[in-house]
């Protein structure tokens, strides 16, 4: 395989890669993970491991980043994060680096019941606050590897000028005001670690409680405003309020966070899967009610 072809990333490829580079695991059964995400394809490897392969060239830089930084971040945060068990190398079978991870038990919060949403929000905020405090020496600055999360919102200004037309009337005026306020509050602090994709799909629940945080592909050191979005994405008012109290950032960071949430909501509002459009509508409703 000379280039990454997502259509060819299947169990047979995963099995061949393991046999070639990690023969100690070659007899373990391999099966796909149904909700493995878009950026990377994930397969279970036996009961205790998983295989993670980038699905397109743009996601390749995330692989080495996670392999390098996850072991360094793990001691700094209060919840488990992915553990790298093997670093796969590019080969004739697959032209990019890939990883073997320790399998993390639990199910995404998007598909698993949570017993106490304010407690969940408090645990999430506590995790992100501790992550912000992790050592940033030589940490990766925002860029293509993080989908430019953690960088200046101006990167999306031209796109926002177009997608703001996806809402109308008073909502369009509110959206433009949210974006102006976000741009008027530039990040001036020292770079801190951010996760970059605080989605319910990346928050693992077990026994009704937040147990782990996964997928650090969009992480880096920069502006943590992109990690505030739970304040508007959660469907539970008590969780949103708890997160707002516990995340502990200044008004400028919240303003930029509104900008991030607005950009994402406007992108998703016209998506074909009905669930995504409905979720985007919820986010926009929360943003407009919060002005």
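Where a number appears in this text, it was derived from the coordinates with a stated rule and is not lab data. This structure is a prediction, so every number in the text was calculated from the model and none was measured. Backbone-built Cβ (ideal geometry, glycine too); neighbour counts: all protein chains shown.
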What is the stretch 6-103 by shape, rounded, prolate or oblate, if you read a ≥ b ≥ c off the alpha carbon gyration tensor as root eigenvalues and call it rounded for a/c under 1.5, prolate for a/b larger than b/c, and oblate otherwise? prolate
Computed FRET value (nearest 0.05) for residue 281 with residue 56, which takes r as the C-beta separation and R₀ as 25 Å: 0.35
Normalised radius of gyration for the stretch 188-291, please: alpha carbon Rg relative to 2.2 N^0.38 Å, two decimal places. 1.08
At 0.36 nm per residue, and after removing the present C-alpha to C-alpha distance, how many nm does the segment from residue 19 to residue 180 gain when stretched out fully? 52.6 nm
Report which label in (1) 0.97; (2) 1.00; (3) 0.92 holds the value of Rg/Rh (Cα atoms, Kirkwood Rh) derived from the coordinates of this structure. (1)
Mind giving me the nanometre distance, one decimal, between the label points for residue 250 and residue 83, set 7 Å out from Cα along Cα→Cβ? 4.0 nm
Residues of the stretch 19-51 with amide nitrogen under 16 Å from the 7 Å Cα-to-Cβ point of residue 6? 33-43
Mean residue ellipticity at 222 nm from the helices of the chain, using -39,500 (n - 2.57) per DSSP H segment of n ≥ 4 over the full residue count, to the nearest 500 deg cm²/dmol? -12000 deg cm²/dmol
Quote to one decimal, in nm, the extra length available between residue 91 and residue 64 on full extension: 0.36 nm per residue of separation minus the C-alpha distance between them. 8.2 nm
Set the Förster distance to 22 Å, then compute FRET efficiency between residue 289 and residue 267 from the Cβ-Cβ distance, nearest 0.05. 0.65
Need one word for the stretch 47-159: rounded, prolate or oblate. Basis is the Cα gyration tensor (sqrt eigenvalues a ≥ b ≥ c); a/c below 1.5 gives rounded, then a/b vs b/c decides. oblate
Between residue 241 and residue 111, how many nm apart are label points set 7 Å from Cα along the C-beta direction? 3.2 nm
